Amino acid sequence: MKTDSRLEKVLASGELAVTSECGPPRGCRPEKVTEKAALLKDHVDGINVTDNQTAMVRMSSCTAGILIKQMGLDPILQMVSRDRNRLAMQSEILGAYSFGINTMLCLSGDHAKFGDHPMAQGVFDIDSVQMIKMVQQMRDKGLFQGGAKIDGPPKMFIGAAANPFADPFELRVMRLAKKVKAGVDFIQTQCIFNLDKFEEWMKGVVDRGLDEQVHILAGITPMKSVGMARYMKNKVPGMDIPDDVIKRLEGVPKEQQPEEGIKMAVEAIERLKQVKGVHGFHIMAIEWEEKVPQIVEKAGLYPRPKV
Amino acid sequence: MITAEQKPIQEIIQYIAPYSKILLVGCNECVTVCAAGGRKEVGLLASALHLNHLKQGKNIDIREITLERQCDPEYVEELAPYIDGVDAVVSMACGCGVQTIAARFKKTPVFPAVNTRFMGASVSQGVWSERCKGCGDCVLGITGGICPVARCSKHLFNGPCGGTSNGQCEVSPDIDCAWRLIWERLKELGMESRYEELMEAKDWRPGGAGGPGTIIREDLA
Ligand code: SF4
Ligand code: SF4
């Protein structure tokens, strides 16, 4: 084991892992964090805490993560390179680890243009690949990015994202290979709706033997309505929503669409369980956390292993 | 070259409101090429200012000059004979030109008439696009001649990010994804394998993080 991360232990045991996420509130209401986390608590191995998701200001990922940690749960600290330079990242990691947060996710982050401060200067001092390498060096060599020794290095289990659907498609396995080379331990993918394309990408991953070097958690998002599906198709960068997903939701009355969305999510999990190299699922139920336990149970991923 | 665009006329009018004798100075280099502050634009701006003052029943005296290079003290010296006869200078050069004038003439206020935008290249007639951010440690040799600093909206060194859509940047469908371009070019050159080499975290000092840059060529200085 490289770390004390619960997620690492679950993955090492060979069981399918389950993670989910919690977006911190847009204000000083800690109870919003703890309420959301409480909904997920028995059904996941780790809870991603997003970092100013979609470039909207929110309670910081680290502090919301501490609130979750204090409930005895397992937050996954997300960190975007948009908002912090390497000094700020490293100090945040030291702080988070001091509170027992031992799992993190290294991301570039959505451009500020999408958020509520489009006039802000993005930092982008280092990119997500370089961030992975920095965190790995902090853990395995006990060195800061600048080369100085850390007095008590943070032992982070290191995650990153992958979007098999963004183009150029032929680069998507190669980019994963770069993240592996940089030292990533696990990957959470973009929400998967185009299962065929995802399987094609996974085949590329397996062909290169990358599945032996990194754990892939397949990203699952239940659709609440056909409106949400259309919005994601048209407005969210890097999303691939096939027309039959929209047609299927259109085909049921509005009140039944949430249920249909959950059914589709469960079916996707069932199918992807069979795919070589998929070592778990990352369930992103956006502002719909209360449905996660149901999805986990229906997909036969409950109870979670005790590690 | 350095690109610029003329400021809104109202902003320029506000700057010069307290003055009646203006020296309006263009530049024959970059701002001429991007049609923001050359001899022609100096003439047009002078007419616009005259017209505005006429409408308001005010008098304004504008002397027009276009220097060979406003970022060069040698040429800026050409303004010396006129400077005492004016209340203010309005410069149509990039920010470098404005500052060269300000450094030379301590007692006369100088106002910019253009917004300096970026270092770019001409793409087609009347279109200029950003190409370089002056990072001080050029990587074009390993990115197939396409700059990830200036042309990737997140200046990623190991792109593309997950936001690329139909080959365009997540920021706008009008912006080419730099990393799509880099990849296509590496393929054309048969250098695909280069893509998987990790590009290390950048040292931003030569590009400005180390404080304002200065180049000293001992052989010339
Ligand atoms: S790599 Fe640096 S110097 Fe080269 S074009 Fe890009 S910004 Fe300019
Ligand atoms: S879409 Fe391409 S150009 Fe835009 S930020 Fe991502 S990698 Fe950079």
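The values are calculated or read from the model by the stated rules, or taken from the named source; none is laboratory data. The structure displayed is predicted, hence computed values, not measured ones. When we count neighbours, we look across all protein chains shown, and the Cβ atoms used for this are built from the backbone with ideal geometry, even at glycine. In case anyone asks, the SASA skips ligands and DNA or RNA and just uses the protein heavy atoms, side chains included. Shrake-Rupley method; radii C 1.70, N 1.55, O 1.52, S 1.80 Å.
Is it true that some residue in region B:124-133 is touching a residue at least 60 places away in the same chain (Cβ under 8 Å), touching a strand residue (DSSP E or B) at 6+ places or on another chain (Cβ under 9 Å) and under 26 Å from B:P18 (Cβ atoms)?
There is no residue in region B:124-133 that is touching a residue at least 60 places away in the same chain (Cβ under 8 Å), touching a strand residue (DSSP E or B) at 6+ places or on another chain (Cβ under 9 Å) and under 26 Å from B:P18 (Cβ atoms).
If you take the residues in region B:103-131 that are more than 27 Å from B:R194 (Cβ to Cβ), open to solvent by 60 Å² or more (accessible area, probe 1.4 Å) and within 12 Å of the chain's Cα centre (by Cα), which one is farthest from ligand 2 (Cβ to nearest atom)?
My answer is B:T116.
Strands (runs of 3 or more DSSP E) wholly in region A:12-125 with at least 1 residues that are away from every other protein chain (no Cβ under 14 Å), among the aliphatic types (A, V, I, L, M) and in contact with a Phe, Trp or Tyr (Cβ under 8 Å, 6 or more places away or on another chain) - which ones? Outline the logic, then answer.
On the way: elements: A:17-22, A:46-49, A:75-80, A:103-107.
Those strands (runs of 3 or more DSSP E) span A:17-22, A:103-107.
Residues checked against (1) surrounded by 21 or more Cβ atoms within 10 Å (Cβ to Cβ); (2) part of a helix (DSSP H, G or I); (3) in contact with a Lys or Arg (Cβ under 8 Å, 6 or more places away or on another chain):
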site	(1), (2), (3)
A:I158	yes, no, yes
A:V184	yes, no, no
A:Q188	yes, no, no
A:D196	no, yes, no
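Yes/no per residue for (1) more than 16 Å from ligand 2 (Cβ to nearest atom); (2) open to solvent by less than 40 Å² (accessible area, probe 1.4 Å); (3) in contact with a Ser or Thr (Cβ under 7 Å, 6 or more places away or on another chain):
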residue: B:L79; (1), (2), (3): yes, yes, no
residue: B:I83; (1), (2), (3): yes, yes, yes
residue: B:A88; (1), (2), (3): yes, yes, yes
residue: B:C94; (1), (2), (3): yes, yes, yes
residue: B:I101; (1), (2), (3): yes, yes, yes
residue: B:K133; (1), (2), (3): no, no, no
residue: B:T143; (1), (2), (3): no, yes, no
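What is the residue count in region A:146-156 for residues that are open to solvent by less than 20 Å² (accessible area, probe 1.4 Å) and either within 14 Å of chain B (Cβ to nearest Cβ) or among the β-branched types (V, I, T) (or both)? Reasoning before the result, please.
Within region A:146-156, the first condition is being open to solvent by less than 20 Å² (accessible area, probe 1.4 Å), and the residues that meet it are A:150, A:154, A:156.
Now drop any that are not either within 14 Å of chain B (Cβ to nearest Cβ) or among the β-branched types (V, I, T) (or both), which leaves A:150.
Going through region A:146-156 one residue at a time, the tally reaches 1.
Only one of (1) within 25 Å of A:G65 (Cα to Cα); (2) among the basic types (K, R); (3) within 13 Å of chain B (Cβ to nearest Cβ) fails for A:K178. Which number is that?
Tallying (1) within 25 Å of A:G65 (Cα to Cα); (2) among the basic types (K, R); (3) within 13 Å of chain B (Cβ to nearest Cβ), A:K178 fails exactly one: (1).
Between a residue in region B:139-166 that is within 9 Å of ligand 1 (Cβ to nearest atom) and any residue that is hydroxyl-bearing (S, T, Y), which pairs come within a Cβ distance under 9 Å, given they are 6 or more apart or on different chains?
B:R151/B:S129
For region B:148-157, name all the residues that are away from chain A (no Cβ under 12 Å) and crowded, with 22+ Cβ neighbours inside 10 Å.
Initially, region B:148-157 is screened for residues away from chain A (no Cβ under 12 Å), giving B:150-151.
The answer is B:R151, and nothing else.
State whether the residues of region A:206-227 include one that is assigned to a helix (DSSP H, G or I) and surrounded by 23 or more Cβ atoms within 10 Å (Cβ to Cβ).
From region A:206-227, those assigned to a helix (DSSP H, G or I) are A:206-207, A:210-212, A:226-227; that's our starting set.
The next check asks that each one be surrounded by 23 or more Cβ atoms within 10 Å (Cβ to Cβ); those that pass are none.
No: zero hits.
For region A:61-87, which positions are closer than 18 Å to A:Q121 by Cα and open to solvent by less than 50 Å² (accessible area, probe 1.4 Å)?
Here is the first cut: in region A:61-87, the ones closer than 18 Å to A:Q121 by Cα are A:79-87.
If the condition is that a residue be closer than 18 Å to A:Q121 by Cα and open to solvent by less than 50 Å² (accessible area, probe 1.4 Å), then A:M79, A:V80, A:S81, A:R82, A:R84, A:R86 are the ones that fit.
Every residue, every condition in (1) under 24 Å from A:D185 (Cα atoms); (2) free of Cβ contacts under 8 Å to residues at least 12 places away in the same chain; (3) open to solvent by 80 Å² or more (accessible area, probe 1.4 Å), yes or no:
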{"residue": "A:Q257", "(1), (2), (3)": "no, no, no"}
{"residue": "A:E260", "(1), (2), (3)": "no, no, no"}
{"residue": "A:E267", "(1), (2), (3)": "no, yes, yes"}
{"residue": "A:Q274", "(1), (2), (3)": "yes, yes, yes"}
{"residue": "A:M284", "(1), (2), (3)": "yes, no, no"}
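Can you go through A:P164, A:P168 and tell me which one is open to solvent by less than 10 Å² (accessible area, probe 1.4 Å), under 17 Å from B:G163 (Cβ atoms), within 16 Å of ligand 2 (Cβ to nearest atom) and within 10 Å of another protein chain (Cβ to nearest Cβ)? Before the answer, list the steps.
Details: A:P168 fails: open to solvent by less than 10 Å² (accessible area, probe 1.4 Å).
After applying the criteria, what remains is A:P164.
Between A:M239, A:M228, which is closer than 26 Å to A:G23 by Cβ, among the aliphatic types (A, V, I, L, M) and within 14 Å of another protein chain (Cβ to nearest Cβ)? Don't jump to the end; show me each part of the working.
Numbers: A:M228 fails: within 14 Å of another protein chain (Cβ to nearest Cβ).
Of the residues listed, the single one that is closer than 26 Å to A:G23 by Cβ, among the aliphatic types (A, V, I, L, M) and within 14 Å of another protein chain (Cβ to nearest Cβ) is A:M239.
In the set A:N52, A:N102, which member is closer than 23 Å to A:I150 by Cβ, over 13 Å from the mean Cα position of the chain (by Cα) and modelled with pLDDT of 95 or more? Don't jump to the end; show me each part of the working.
Values: A:N52 fails: closer than 23 Å to A:I150 by Cβ.
Just one listed residue meets the conditions, A:N102.
Restricting attention to region B:158-172, report how many residues are over 24 Å from the mean Cα position of the chain (by Cα) and either open to solvent by less than 10 Å² (accessible area, probe 1.4 Å) or more than 8 Å from chain A (Cβ to nearest Cβ) (or both). Quick ask: steps written out before the conclusion?
Quick first cut of region B:158-172, residues over 24 Å from the mean Cα position of the chain (by Cα) only: B:158-168, B:170.
Then keep just the ones that are either open to solvent by less than 10 Å² (accessible area, probe 1.4 Å) or more than 8 Å from chain A (Cβ to nearest Cβ) (or both); that gives B:158-160, B:163-164, B:167-168.
Result for region B:158-172: 7.
Filter region B:176-221 down to residues that are more than 30 Å from the chain's Cα centre (by Cα) and facing chain A (nearest Cβ under 10 Å) and give me whichever is surrounded by the most Cβ atoms within 10 Å (Cβ to Cβ).
The first filter runs over region B:176-221 and keeps only residues more than 30 Å from the chain's Cα centre (by Cα), leaving B:187-198.
If we keep only those that are facing chain A (nearest Cβ under 10 Å) too, we end up with B:187, B:192-193, B:195-198.
Numbers: B:K187: 14, B:E192: 14, B:S193: 9, B:Y195: 20, B:E196: 13, B:E197: 11, B:L198: 15.
By that ranking, first place goes to B:Y195.
Could you figure out which of (1) farther than 22 Å from A:A218 by Cα; (2) out of contact with any Pro (no Cβ under 6 Å at 6 or more places or on another chain) isn't true of A:Q53?
That leaves (1) as the condition not met.
Can you name the condition, by its number, that A:N48 falls short on among (1) buried (at least 22 other Cβ atoms within 10 Å of the Cβ); (2) out of contact with any strand residue (DSSP E or B) (no Cβ under 7 Å at 6 or more places or on another chain); (3) within 30 Å of A:Q274 (Cβ to Cβ)?
Answer for A:N48: the failing condition is (2).
Listed here are the residues, each with its yes/no results for (1) open to solvent by 20 Å² or more (accessible area, probe 1.4 Å); (2) assigned to a helix (DSSP H, G or I).
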site: B:A35; (1), (2): yes, no
site: B:E41; (1), (2): yes, yes
site: B:L44; (1), (2): yes, yes
site: B:H50; (1), (2): yes, yes
site: B:I65; (1), (2): yes, no
site: B:Q70; (1), (2): no, no
